[in-house]
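Asker: Sharing a structure, written as structure tokens. Questions coming.
The values are calculated or read from the model by the stated rules, or taken from the named source; none is laboratory data. Note that the structure is predicted; figures quoted are calculated from it, not measured. Ideal geometry is used to build each Cβ from the backbone, glycine not excepted, and the neighbour counts take in all protein chains shown. For accessibility, only protein heavy atoms count, side chains too; no ligands or nucleic acids. Shrake-Rupley method; radii C 1.70, N 1.55, O 1.52, S 1.80 Å.
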Amino acid sequence: MSGAPLETEEEPHFERAFEPAHGQAIAVADGVRRLTVNNPGPFTFHGTNSYIVGERTLAVIDPGPLDDAHLAALLRAIDGRPVSHILVSHTHRDHAPLARVLQEKVGGVIAAEGPHRPSRTLHDGEVNPFSESADMDFVPDLALADGATVEGDGWALTALATPGHTANHLSFALNGTGIVFSADHVMAWATSIVAPPDGAMRDYMASLDKMLARDDRLYLPGHGGPVTEPAKFLRGLRAHRRMRERGVLERIRRGDSGISEIVQALYASTDPRLHGAAALSVLAHLEDLVERGLVMTDGPPALMGHYRLAGD
């Protein structure tokens, strides 16, 4: 496994200093500009980042939600130049819905991994708590497999399958630059939400390891500012998730059998508005722990389930 061994890994340093400059195109690298949607919130930070790549023929990455002001800002930044591709990292509503509207204005091929889907089938009676967050109408013109490349005048972008946050999550490597558009897989300001059944912790951890095997120098995320030391930050994210896993196991060892009890103990200092997401994150850990045989429950892992250590 790439990266430092667990005992030397440190928690990530989250960087929350960020000026969104809503409505403005900000140069963040050679041939790359960022425009941030004015849709701040507990899950979106200061807003969703869209990126424009290229100088002559352009690619737009993550056009964002249905927002007239942001559409106008994108059109100003595009300034009549041809757009060959509109790439979508994943199908949450803060990233995908504007793609078709933008295409009607500027053309281009809409490319993504595929339509929205959960990471696993729903259990009997289970409701997807994040279904309203997904753009269920989104269908790309071009389905991108892992490693697929799209090209424009002076640039090429390679799709990197990074499931975990969603099943269809892609990051995009700007070939020859060491830059990756990491979307919601890796963000400098906070950890990514991994919420079953949309997301899966085992997939997310595998995606971290996959990205650690690369040698990139800069991540441009879907929210907040850049990640300037990707390898160090990835190791920190991996350590953070492992710490959470150990915390879940310790709470069960101490007698907590329900997710609500575990959340109250492990997320005591977290904004209460995020406790619902925290519960889903704990469920994601428990799904993985049950699959690995470390924790037991009756029936499939569920938010209202009761958990015990294997062998108890």
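Asker: I need the calculated FRET efficiency for the pair Arg246 and Ala145, taking r as the beta carbon distance and R₀ as 25 Å, to the nearest 0.05.
Answerer: Numbers: r = 35 Å, r/R0 = 1.41.
Step by step, r from the Cβ atoms, then E = 0.10.
Asker: Another one. In percent, how large is the relative contact order of the stretch 96-162, given Cα pairs closer than 8 Å and 6 or more residues apart? Kindly include the intermediate steps, with their values, before the conclusion.
Answerer: Values: 60 pairs, mean separation 21.3, N = 67.
After rounding, I find 32 percent.
Asker: For the stretch 179-312, what are Rg and Dmax over the alpha carbons, in angstrom?
Answerer: According to the Cα coordinates of the stretch 179-312, Rg and Dmax are 15.6, 48 Å.
Asker: Need one number for the chain: average projected area of the convex hull over its C-alpha atoms, nm².
Answerer: Numbers: hull surface 62.1 nm².
Its average projected convex-hull area is 15.5 nm².
Asker: Further question: First measure r as the distance between the Cβ atoms of Thr177 and Ala17, then evaluate 1/(1 + (r/R0)^6) with R0 = 22 Å and state the FRET efficiency to the nearest 0.05.
Answerer: On the way: r = 24 Å, r/R0 = 1.10.
So the FRET efficiency works out to roughly 0.35.
Asker: In the calculated pair distance distribution of the stretch 106-243, what percentage of Cα-Cα distances lie above 25 Å?
Answerer: Details: 2663 of 9453 pairs.
Looking at the stretch 106-243, the distances longer than 25 Å represent 28 percent of pairs.
Asker: Related question: For the stretch 249-312, just say rounded, prolate or oblate: build the C-alpha gyration tensor, square-root its eigenvalues into a ≥ b ≥ c, call rounded for a/c under 1.5, and beyond that prolate if a/b exceeds b/c, oblate if not. Please list the in-between numbers first.
Answerer: Numbers: a/c = 2.23, a/b = 1.64, b/c = 1.36.
It comes out prolate by the Cα gyration axes.
Asker: Before I look further, what does the chain give for accessible area per residue, probe 1.4 Å, in whole square angstrom? Mind showing how you got there, number by number?
Answerer: Numbers: 13450 Å² over 312 residues.
Per residue, the chain has an accessible area of 43 Å².
Asker: So, one more: Which of Arg246, Arg254, Arg117 moves the most in a Gaussian network model of the chain with Cα springs under 10 Å?
Answerer: Answer for the Gaussian network model of the chain: Arg254.
Asker: Per DSSP H run of at least 4 residues, take -39500 (n - 2.57); add these up for the chain, divide by its residues and hand me the 222 nm value, nearest 500 deg cm²/dmol.
Answerer: -8500 deg cm²/dmol
Asker: Compute the distance in nm between two label points, each set 7 Å from the Cα along the Cα-to-Cβ direction, one at Gln264 and one at Gln24.
Answerer: A separation of 4.7 nm, rounded to one decimal place.
Asker: Same structure, new question: In terms of the Cα gyration tensor, with a ≥ b ≥ c the square roots of its eigenvalues, is the stretch 13-155 rounded because a/c is under 1.5, prolate because a/b exceeds b/c, or oblate? Walk me through the numbers before you get to the answer.
Answerer: Details: a/c = 1.83, a/b = 1.31, b/c = 1.40.
It is oblate, given that a/c is not under 1.5 and a/b is not larger than b/c.
Asker: If you roll a 1.4 Å probe over the stretch 39-143 with all protein chains in place, what percent of the accessible area is carbon or sulfur?
Answerer: Values: 2500 of 4590 Å².
On the stretch 39-143, the fraction of accessible area on carbon and sulfur atoms equals 54 percent.
Asker: Calculate one ³J(HN,Hα) per residue across the stretch 234-243 by plugging θ = phi - 60° into the Karplus curve 6.51 cos²θ - 1.76 cosθ + 1.60, and present them in order as whole Hz with x for glycine and proline.
Answerer: Per residue, the Karplus-derived 3J(HN,Hα) values read 4, 4, x, 4, 5, 5, 4, 5, 5, 4 Hz.
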